[in-house]
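A.B. asks: What follows is a single structure, and I will ask about it in a moment.
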Amino acid sequence: MDNYSLGWWDRNEDGSLVYINGAPNLMIGDIISDQDKEALDLSFQILNEFISFHSYYIYVNRNIEDLLEVLYKVSDKSLRLTNDMKLEYAQEIGRLLNNSVMQLFVYINYFECTLKDKNLEKFKMLANKYYDEYWEYRFLYQLRNFITHRTLPSISISSNIINAKRIIKIDAKHLLNNYTKWKQVKNDLEKQIEGVDIIDLFEKTKDMVIKFHKEAILIKQGDLTKGMVFIQRFLKIKNGCLEIPVIIDPYTEEKLKKGIVSWSTTFRCFETANKYLIELNIEEISFGCV
């Protein structure tokens, strides 16, 4: 039977770490049971998965915001564009569009990979609902396949006397002529044969992703809350700061005796997960710390 124990990073009154011989000082506490150790490992795994998922969400949002920023700039007719500049901006828009599409489905696929059993079934129902209800989801899903298996979409930048803004579109004819597996999206593309308005597409996509993220988190909310409440038993508050324990196994402890400290054994994700839940107006796990 391995003897697992908890450790706590020694801190000064201002919250900074205490260093001894150039390394943070880890104070070793009580031994914990194998059962508690396994439960803590699982709880921290759930927290880490949540933070990774939320980080992917932030990446998606930032990619879309970066794309929209360039689109708004180029659509403004006060910006004078030569033909060479149009080509350069079209390439930049294509790059940012590609990043946004690919990151969106990395985010969705990652979350699916963290789920099991009933939660996985709930997620599939959620993904199917968004595929059915949102044209943006369907189109970008198929556009991801187009980019992966065929080529990059063709971007056009044009203007006329009628419109106050430049028009920036994805060439629908190019999509239809170079790919046959558009499924339900094909009819919609044929109706937009003059091109898909990229600004409108990604403004709606940004709103859709916010809604999707909140609904996705609700799938794991029960496990996340349960894990955070379990970890509460092992938390300490020192100088108004929430202290997260380090799980120390015999091997780690032996390394510590030699003066080698691995930061990979620390768990800083608790406060981060709690902050994200508050930001999303879902739930707050309160521990009375300031």
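Only the coordinates and a few stated rules stand behind these numbers; no lab work does. Just so you know, these numbers come straight off a predicted model, no measurement behind them. Here the Cβ positions follow ideal geometry from the backbone for every residue, glycine too, while neighbour counts run over all protein chains shown.
A.B. asks: So how do GLU121, GLU243 line up by other beta-carbon neighbours within 10 Å, fewest first?
C.D. replies: Ranked by crowding around the Cβ, least crowded first: GLU121, GLU243.
A.B. asks: Rounded to the nearest 0.05, what FRET efficiency do ASP10 and LYS116 give with R0 = 45 Å and r taken as the Cβ-Cβ distance? Could you check?
C.D. replies: Using R0 = 45 Å, I get an efficiency of 0.70.
A.B. asks: Now for a separate question. So how do ILE231, ILE51, ILE244 line up by other beta-carbon neighbours within 10 Å, fewest first?
C.D. replies: Ordered by Cβ neighbours within 10 Å, fewest first: ILE51, ILE244, ILE231.
A.B. asks: With the crude spin-label approximation of a point 7 Å out along Cα→Cβ, what separation in nm comes out for PHE105 versus GLU194?
C.D. replies: Those two pseudo-labels are separated by 2.9 nm.
A.B. asks: Kindly state, to the nearest 0.05, the FRET efficiency for GLN45 paired with ILE161, given R0 = 51 Å and r defined as their beta-carbon distance.
C.D. replies: Approximately 0.30, to the nearest 0.05.
A.B. asks: Let's test the formula: R0 of 35 Å, r as the Cβ-Cβ distance of ASP66 and VAL18. What FRET efficiency results, to the nearest 0.05?
C.D. replies: It comes out at approximately 0.25.
A.B. asks: What length, rounded to one decimal in nm, is gained on full extension from GLN35 through to SER55, with 0.36 nm per residue of separation minus their alpha-carbon distance?
C.D. replies: Additional length available on full extension: 4.2 nm.
A.B. asks: Multiply the residue gap between ASP132 and ASN3 by 0.36 nm, knock off their C-alpha separation, and tell me the result in nm, one decimal place.
C.D. replies: Separation in residues times 0.36 nm, less the Cα-Cα distance, equals 41.2 nm.
A.B. asks: Please order ILE210, ILE161 by the number of other Cβ within 10 Å, starting at the fewest.
C.D. replies: ILE161, ILE210
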